[in-house]
Amino acid sequence: MDTPPPPIVDFNALTLRIGEEALSKRLMMEARQESDEMKQSLAWVQTFHLRIERVLKLVGLYHRGRRNSTKIQIIENTLPIPNLPAAFEGFRLLQLSDLHLDIDPSLPAAVVDALKGLNYDLAVITGDFRCRTIEDYYPATLATQPVINALKEPILAVLGNHDPIEIVPHLEARGLRFLVNELYPLEKDGQTLWIIGIDDPHFYQTYDLKALTNALPPGACTLLLAHSPEIAPEAEAVGINAALSGHTHGGQICLPFGIPITTNMLRNKKRSLVAGNWTWGKLRGYTSRGTGCCGVPVRFNCPGEITLHTLTSIE
Ligand SMILES: [Fe+2]
């Protein structure tokens, strides 16, 4: 079946939300990514993935890797947050990350299946909806729909380095609420946990964390949604309390005991930031290994995850 063409994107509405400067920067970087020169210079990435796929097929591991990629683990995690308002003690936050659901037609159903029966108060998705970093993003919006249908609203989301900003209105029309350098006051029993959602910190970096935190009331408790944990030092410097990320895929193809061969981090490459709970100074954080996968639709020694965070206060 042919994929229908994407609807028209309302850039005026996006400008009102994230500002002209950030939107121009984003669109300029996207255009550069889509240029013929850049496509040619990035062709090696596709060749590299094809070679990995071929080698895995030759040694008879490819199908095992694909089966592994649809065996998604449910991770129960306690997330300590300094300054957490009492009303949010025990609050349950479900995190999906790095879905890349257009890579493999069997992946959306595997995620929907894994979501069945889970108990949570709020769902968040920490970026990377599309598999490739260029070209048509619309198949990713279609592939994400069943997962959105399986989640309880509101579902907060941020963009990853694989996502064009044009995907925002499409996925919002399907039920997501993106935070593109925006604040979201989460209210419970008269108290507020401020969710800060920023544009991808790995590649696009259009955010201004200082401006966002300056707009908060004094003493606000803050939880940052940012695609990559590379943001940790900047987030700690502006006094953010906790952060949720993905991006690394935990390595995706790992050596035994989950030792990653590559993490796709360009800066602040601290091993502790690659997966699970971490601290950076006073900042508490968690990096998801990702729910889906990209490049090659396989996982080894590094299962995809859906994370259920139970929030708790810490001094
Ligand atoms: Fe990703």
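Residues are listed down the side, and each one gets a yes or a no for (1) within 30 Å of Thr222 (Cβ to Cβ); (2) among the hydrophobic types (A, V, I, L, M, F, W, C):
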{"position": "His49", "(1), (2)": "no, no"}
{"position": "Tyr62", "(1), (2)": "no, no"}
{"position": "Gly65", "(1), (2)": "no, no"}
{"position": "Asn68", "(1), (2)": "no, no"}
{"position": "Thr78", "(1), (2)": "yes, no"}
{"position": "Leu94", "(1), (2)": "yes, yes"}
{"position": "His100", "(1), (2)": "yes, no"}
{"position": "Pro108", "(1), (2)": "no, no"}
### Query
Which of the residues belonging to segment 178-187 are surrounded by 15 or more Cβ atoms within 10 Å (Cβ to Cβ) and either assigned to a strand (DSSP E or B) or out of contact with any strand residue (DSSP E or B) (no Cβ under 6 Å at 6 or more places or on another chain) (or both)?
Phe178, Val180, Asn181, Glu182, Leu183, Tyr184, Leu186
### Task
Could you check Ala235 against (1) under 13 Å from the mean Cα position of the chain (by Cα); (2) closer than 21 Å to Ile196 by Cα and say which number it fails?
(1)
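Residues are listed down the side, and each one gets a yes or a no for (1) aliphatic (A, V, I, L, M); (2) at pLDDT below 95; (3) within 16 Å of the ligand (Cβ to nearest atom); (4) under 30 Å from Glu37 (Cα atoms):
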site	(1), (2), (3), (4)
Gln73	no, no, no, no
Thr78	no, no, no, no
Phe88	no, no, no, no
Leu93	yes, no, no, no
Asp98	no, no, yes, yes
Asp113	no, no, no, no
## Note on the structure
In segment 138-163, residues that are within 14 Å of the ligand (Cβ to nearest atom), in contact (Cβ under 8 Å) with a residue 40 or more places away in the chain and either surrounded by fewer than 19 Cβ atoms within 10 Å (Cβ to Cβ) or not hydrophobic (A, V, I, L, M, F, W, C) (or both) total 4
### Query
Regarding Leu107, is this residue more than 23 Å from Gly197 (Cβ to Cβ), in contact (Cβ under 8 Å) with a residue 40 or more places away in the chain, surrounded by 19 or more Cβ atoms within 10 Å (Cβ to Cβ) and of a type in the set (A, V, I, L, M, F, W, C)?
yes
## Note on the structure
Selection from segment 218-243 of residues within 16 Å of the ligand (Cβ to nearest atom) and of a type in the set (S, T, N, Q) yields Ser228
### Query
From the residues in segment 72-104 that are farther than 28 Å from Thr279 by Cα and acidic (Asp, Glu), which one is surrounded by the fewest Cβ atoms within 10 Å (Cβ to Cβ)?
Asp104
### Query
Ala123: among the small types (Gly, Ala, Ser), within 16 Å of the ligand (Cβ to nearest atom) and crowded, with 18+ Cβ neighbours inside 10 Å, yes or no?
no
### Task
State whether the residues of segment 279-289 include one that is touching a Phe, Trp or Tyr at 6+ places or on another chain (Cβ under 8 Å), modelled with pLDDT of 95 or more and hydroxyl-bearing (Ser, Thr, Tyr).
yes
### Query
Listed residues Asp128, Asp113, Asp199; which is within 18 Å of Glu305 (Cβ to Cβ), of a type in the set (D, E, K, R) and part of a loop (DSSP other than H, G, I, E, B)?
Asp128
#### Entry: Enumeration of residues in segment 25-53 that are in contact with a helix residue (DSSP H, G or I) (Cβ under 9 Å, 6 or more places away or on another chain) and over 27 Å from Ser288 (Cα atoms)
Leu27, Arg32, Met38, Lys39
## Note on the structure
Just one listed residue, out of Ala237, Ala232, Ala220, Ala275, is crowded, with 24+ Cβ neighbours inside 10 Å, free of Cβ contacts under 8 Å to residues at least 40 places away in the same chain and of a type outside the set (Asp, Glu), and it is Ala275
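The values are calculated or read from the model by the stated rules, or taken from the named source; none is laboratory data. Just so we're clear, the structure is a prediction, and the values are computed from it rather than from any experiment. As a convention, Cβ positions derive from the backbone with ideal geometry for all residues, glycine included, and neighbour counts pool all protein chains shown.
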